[in-house]
Amino acid sequence: MPNDSTYAIQTSALSKHYGRNGEIKALQTLNLEVRPGELFGFLGPNGAGKSTAIRTLLGFLHPTSGSANVLGLDVVRDSVAIRRRVGYLPSGFTVYDYMSGREFLDHMRALSGRPSLLRHRIMEALELSESILKRPVRDYSRGMRQKIGVVQAMETDPELLILDEPSEGLDPLMQRSLQELLLERVALGRTVFFSSHLISEVERICNRVAIVRGGQLVALESVESLVRFRRRRIEAIVARKPLRLTATVGISHLKVASEGKAGVRISCDAEAAAIPNFIKRLQSAGLRDLLVEAASLEEAFMSYYGNSTRNTVQMAPEIATPITRTRRAPAKRAATPRKVTMRPAARRLAAKRKTSR
Amino acid sequence: MISLVLLQRLVRGHRIRLLVGLAVVVVWSLLFPVIYRAFVDQLDGRPTPPGNFSTLSGTISVGFIHPISIALFGILSAGLTVGSISGERQRGTLELLLSRPIPRRTIMATMMLEGWIGATLTSTAYVLGTIIGAQIAGVTDELVVEQLPPLFAAGALFWGSFATFAIAASGSFDRTPPAMAITVGLIMANYIVEVLGSFWDVMEPYQFLSLFNHFSPEDILEKTADPAKALIFVTLTLLSAAWAFYKFPRRDLAAPN
């Protein structure tokens, strides 16, 4: 029976334990809310509980405790009704080898009981031709199979797409095409929930991201917010050594090195709030060049894992409670530049830094 | 309750096995009336010694429970279902199937039906081969034609019950080998008890424990079979189906390894 259709996906203290005594805690009290029309990224290392969560949402696994609704329907009671409205691409997608691509797609579509609305559009975007579809699936490369998987998940234009590692096996060009397809669907009001190990992909297209570890949610934020609260990397060249730089609050990993006639090279990590004051101090020391790199989602991701001990996950204060923030327009997000300032000398500095690594 | 789309795909996936297997069953079964005729011809009017080959019914019966027949019938009935769910699970295609709006019980029922189709076709092929063999050997007049439908039904029920057991095993495991081991073990254990009981006095009192002991094509053809024995196979079928329909929908299907 329909429950709360405000959310495309809503989990409440969802837990899944395995083993005779439930000693393997694959998922622990997961609280997640995905709004309709959202492109939601689900990140976590192997064994974090991503697939367990997805499989529970689709009714392949039964929750140990807690509850979950998909499109306002209970995942236990209304599993069949949910699957009627959801497109799913499993991780490590496999096919029936004795079929051709076309036969496979026709079979999957017939099982879904819905008409194929987008097959040609997706085939075009993923460069899948009719002649390829006539060939037996066993002759397909890994990437081709993955494309077939994307088509079977999306072709009926489902309200909700659940994709487990959709970019697996796709080359960068096809990954970009897939991302555009997903953005296109979201623009038309569909919801996309996908897990990925490609942080750059999630960062590029997702509105919000959830990070899980050890079956627990450690972050649920908009990508922007997640990145905003993380540190920035600052590289600067100043004419002379500034005074009392170490006393600046929010600055860490400070390194000061003389560059001879070029001046003094300063590098450090800075919290967003500390940057204006820090730059003022640099200016007072004769700022010649400056590079401020925004933290990537990867750094944010690593930060969460880096800060956590074996069984305890330390959550940043701003994300300790799952807060939902204003959603960005995906296309705009994709075009947002990462680098705040970049001058020619700074580029050389960055290149030098990379070389020295 | 049944997904025709799924059934079509299952049969298509097994079509080579079915076609080749059924052709072999026809050829195999037509041999027995021919063997019977050759045996009678060799006797050349002398008194017929006791044994299965002394009558056409007995000879046909030997063909039905010969080890080669058991292997053939097993492959074409229980063999179709034993890897259906666990095989899909192992390949990773089960989650694709389950991602469609099809209840697990419908998947189970459809796969079970495929096993019964296999058992029915195999039994049909055997009866068909027997008729062809009787024609070739010129012993049609000795064939109790009106008993062929009961023989067909008994054969289909016997192997259909094993197919149901196999799908119940398949739905209970993540991999095919354990399901296969349990199914083959059940068939072999029953067969061994039957064979040992037929020539070893010590085992004879336990022969009734074998399912093969309650399936006698010779008795059916000679109209001496007890129809109540069919209940044994109906019971095995119902128990297996009940387990399959209870267990599979409740199982957690974790990601394939």
Rounded to the nearest 500, the 222 nm mean residue ellipticity computed for the protein assembly as shown from DSSP H runs (n ≥ 4, each -39500 (n - 2.57)) alone is -15500 deg cm²/dmol
Over 13 Å, how big is the tail of the calculated P(r) for the range B:38-98, in percent of all Cα pairs? 72 percent
Count, for each residue of A:48-56, the Cβ atoms from other chains sitting within 10 Å of its Cβ, then give me the mean as a whole number. 2
Viscosity 0.692 mPa s, temperature 37 °C: Stokes-Einstein D of the range B:131-197 from its Kirkwood Cα radius, in µm² per second? 224 µm²/s
Grab the alpha carbons of the range A:245-292, take their convex hull, and tell me the volume per residue in Å³. 71 Å³
Give me Rg over Rh for the range B:22-173, both radii from the alpha carbons and Rh done the Kirkwood way, two decimal places. 1.14
Hey, can you list the DSSP H helices of chain B whose Cα span along the axis is 24 Å or longer and whose average Kyte-Doolittle score is at least 0.0? B:15-43, B:104-137, B:148-170, B:176-199, B:230-250
Mind jotting down the three principal axis lengths of the range B:1-55 based on Cα atoms? Whole angstrom, largest first. 59, 23, 10
Order of B:Trp159, B:Trp116, B:Trp200, B:Trp28 - criterion: other Cβ atoms within 10 Å of each residue's Cβ, fewest first: B:Trp200, B:Trp28, B:Trp116, B:Trp159
Longest to shortest principal axis, alpha-carbon extents of the range A:79-121, angstrom: 30, 24, 18
Taking the Cα atoms of chain B alone, what are Rg (to one decimal) and Dmax (as a whole number) in Å? 19.8, 69
Stokes-Einstein, Kirkwood over Cα pairs, the range B:158-254, 37 °C, 0.692 mPa s; D in µm²/s equals 222 µm²/s
Taking the reciprocal of mean 1/r across every pair of different Cα atoms in the range A:158-233, the Kirkwood radius in Å is 13.5 Å
Proxy exposure order for A:Leu243, A:Leu61 (fewest C-beta within 10 Å first) is A:Leu243, A:Leu61
Using Cβ contacts closer than 10 Å as the measure, can you line up A:Tyr18, A:Tyr7 from fewest to most? A:Tyr18, A:Tyr7
Find the Rg to Rh ratio for the protein assembly as shown, where Rh is the Kirkwood radius over alpha-carbon pairs and Rg uses the same atoms. 1.17
Evaluate E = 1/(1 + (r/R0)^6) for B:Glu222 and B:Arg15, where r is the Cβ-Cβ distance and R0 equals 35 Å; express this FRET efficiency to the nearest 0.05. 0.45
Take the cross-link list A:Lys16/B:Lys247; A:Lys25/A:Lys50; A:Lys50/A:Lys134; A:Lys241/A:Lys261 and give me the ones stretching past 23 Å between alpha-carbons. A:Lys50/A:Lys134
Over all pairs of different Cα atoms in the range A:1-154, the reciprocal of the mean inverse distance gives a Kirkwood radius in Å of 17.2 Å
Peptide-level mean, for B:89-98, of C-beta atoms on other protein chains within 10 Å: 6
Gain in span if fully extended, B:Asp41 to B:Ala242, counting 0.36 nm per residue against the direct Cα distance: 67.3 nm
Just the number: Rg to Rh for the range A:10-53, Cα atoms, Kirkwood Rh, two decimals. 1.04
Dividing the surface of the Cα convex hull of the range A:126-269 by four yields a projected area in nm² of 14.3 nm²
Identify all aspartates and glutamates with a Cα-Cα distance to A:Lys255 below 18 Å; exclude those on the same chain that are fewer than 8 residues away in sequence. A:Glu235, A:Asp269, A:Glu271, A:Asp289, A:Glu293
For the range A:218-269, run through the GluC sites (Glu not before Pro) and keep only the ones in DSSP coil with at most 14 other Cβ atoms within 10 Å of their Cβ. A:Glu259
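Taken together, the values in this text are just the output of simple stated rules run on the coordinates, not laboratory data. Only a predicted model underlies this, so the values are computations on that prediction, with no experimental measurement involved. Please note: Cβ atoms are built from the backbone with ideal geometry, for glycine as well, and neighbour counts cover all protein chains shown.
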